[in-house]
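Read through the structure below, which is laid out as structure tokens, and then see the notes.
The values are calculated or read from the model by the stated rules, or taken from the named source; none is laboratory data. None of these values were measured; they are calculated from a predicted model. Neighbour counts run over all protein chains shown; Cβ positions are idealised from the backbone, glycine included. Accessible surface is based on the protein model in full, side chains and every heavy atom, while ligands, DNA and RNA are left aside. Shrake-Rupley method; radii C 1.70, N 1.55, O 1.52, S 1.80 Å.
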Amino acid sequence: MSETSTVPTAPLRARAEIDLGALRANVRALRARTPGAALMAVVKSDGYGHGAVPCARAALAAGATWLGTATPEEALALRAAGLDGPVLCWLWVPGGPWRQAIEADIDVSLSGMWALREVVAAAREAGRTARVQLKADTGLGRNGCQPGPDWAELVAESLRAEAEGLVKVTGLWSHFACADEPGHPSIAAQLDRFREMLAYAEEQGVRPEVRHIANSPATLTLPETHFDLVRPGIAMYGVSPSPEIGAPADFGLRPVMTLSASLALVKHVPGGHGVSYGHHYVTPGATTLGLVPIGYGDGVPRHASGSGPVLVDGKWRTVAGRVAMDQFVVDLGGDEPAVGTEAVLFGPGDRGEPTAEDWAQACGTIAYEIVTRIGTRVPRVYVNEEELG
């Protein structure tokens, strides 16, 4: 994805404006909530759709000291872009690029013995010590090593490899299942289990640089989970992890992405006119329709058909009929904005526009998905790249 530094004078078909000044402010707000812990900026999935490299640079400038990715390809791309601080990568499959990661000084997460065996072999081949972090499954049931004999074996074999100079255990970590649901009993249960698994590993001789379990909601609401490092993902981009814990402004956060498009057509139609595939919307009377040239091929959810909110000419409109691959229609109710008028799908809400959370509610999903799914056909336009004053 190309990076665009300046706002073009001609309107684009569609654009995702990324406010790096807001991102830096969000990182500072998150750091202020976690004074005793370092901060990992999670930039997986191309920075939740915002652009991994520009967002990583902005986060580091604002005081983040670690970067986090899911796939090794994402981590290696950060290195290729010249980002040389600590990077953790946690989603591996057999045969992954272990040697490349080792040679790039990327911390790799291990959840089981198969991964330890592969990273040890790659370390021997590279003639370098691999930086590894052991992930504990404290109750999420996805990645991570189970407590009991499995954890004991992984810890013991990791220490054996460390004694041979093949690995360095740099971290012990886990991930919450329900931190976005205040008071959920699994939160305390997972935290207790994490402390037990930490204590066992440290009693056996593991001396990690960092211990971490706090994702965005835990970073915002559970200070007892902060340990040495917090891993905010969606919160860094100014989106709340859950309406249940509060809106972004409640935590001093501001949404970073604004998604907009230019009206491609405005036309008069009579009452009873079908709109888009299947005619799920039929005009109730004579009206004007506006064509918004962005669709599910760009990441606009088809589930927003008939419900997605859009700000056009100062008024909220609703997607009329089905979202198509490249376009959708809004009923303008007789208004006649000029062709090329901006249609704002979501943004911070300052101008009365919908937010990503409004789209999530309209689609029956979460705001994470709304921003992350915006595709590469939509150019990212970066603003406030440099600090002022």
Computed magnitude of the charge dipole of the chain (debye, nearest 20; Cβ of K, R +1, Cβ of D, E -1): 380 debye
In degrees between 0 and 90, to the nearest 10, how far off the longest principal axis of the chain does helix 185-204 point, with axes built from Cα atoms? 30 degrees
Working out 0.36 nm times the residue gap between ALA338 and ALA286, then minus their Cα-Cα distance, what length gain in nm do you get to one decimal? 16.9 nm
In deg cm²/dmol and to the nearest 500, what is the mean residue ellipticity at 222 nm of the chain if only DSSP H runs of at least 4 residues count, each as -39500 (n - 2.57), divided by the residue total? -8500 deg cm²/dmol
Lysine pair count for the chain [Cα-Cα under 25 Å; pairs on different chains or 8 or more apart]: 4
If a/c stays under 1.5 just call it rounded; otherwise compare a/b with b/c (prolate if a/b is bigger, oblate if not). Do that for region 30-187, with a ≥ b ≥ c from the square roots of the Cα gyration tensor eigenvalues. oblate
Once normalised by the length of the chain, the mean sequence separation of its alpha carbon contacts under 8 Å that are 6 or more apart gives a contact order in percent of 19 percent
How far apart, in nanometres, would the label points at ALA163 and HIS279 be if each is projected 7 angstrom from Cα along the Cα-to-Cβ direction? 7.8 nm
Would you kindly derive the ³J(HN,Hα) couplings of region 368-373 from the backbone phi angles with the Karplus curve 6.51 cos²θ - 1.76 cosθ + 1.60 (θ = phi - 60°), listing them in order in whole Hz, with x for Gly and Pro? 3, 5, 4, 6, 6, 7
Relative packing of peptides 242-248, 110-116 - highest average C-beta neighbours within 10 Å first: 110-116, 242-248
Among GLN204, THR219, HIS175, the residue whose Cα sits farthest towards the positive end of the charge dipole of region 159-226 (+1 at Cβ of Lys and Arg, -1 at Cβ of Asp and Glu, taken about the Cα centre) is GLN204
Check ALA136: other-chain or 5+ apart residues with amide H under 5 Å from its amide H, H built from backbone geometry? CYS145, TRP173, SER174
With only Lys, Arg, Asp and Glu charged, each at its Cβ (+1 for the first two, -1 for the last two), find how big the charge dipole of region 261-330 is about the Cα centre; round to the nearest 20 debye. 140 debye
Might you tell me the accessible area per residue for region 195-299, computed with a 1.4 Å probe and given in Å²? 39 Å²
So between ASP313 and SER186, what do we pick up on full extension, going 0.36 nm a residue minus the alpha carbon distance? 41.1 nm
Please report, as a whole percent, how much of the solvent-accessible surface of the chain comes from carbon and sulfur atoms (probe radius 1.4 Å). 51 percent
Using the Cα centre of region 142-224 as the reference point, and only Cβ charges (+1 on K/R, -1 on D/E), how large is the resulting charge dipole? Debye, rounded to the nearest 20. 120 debye
Candidate values [x] 1.19; [y] 1.05; [z] 0.97, label of the one derived for Rg/Rh (Cα atoms, Kirkwood Rh): [y]
Among GLY295, GLY183, GLY47, residue whose mean-square fluctuation peaks in a GNM of the chain (springs only between Cα atoms under 10 Å): GLY183
Would you pull out the residues with amide H under 5 Å of GLY299's amide H, same chain only if 5 or more places away, H placed 1.01 Å from N? GLY375
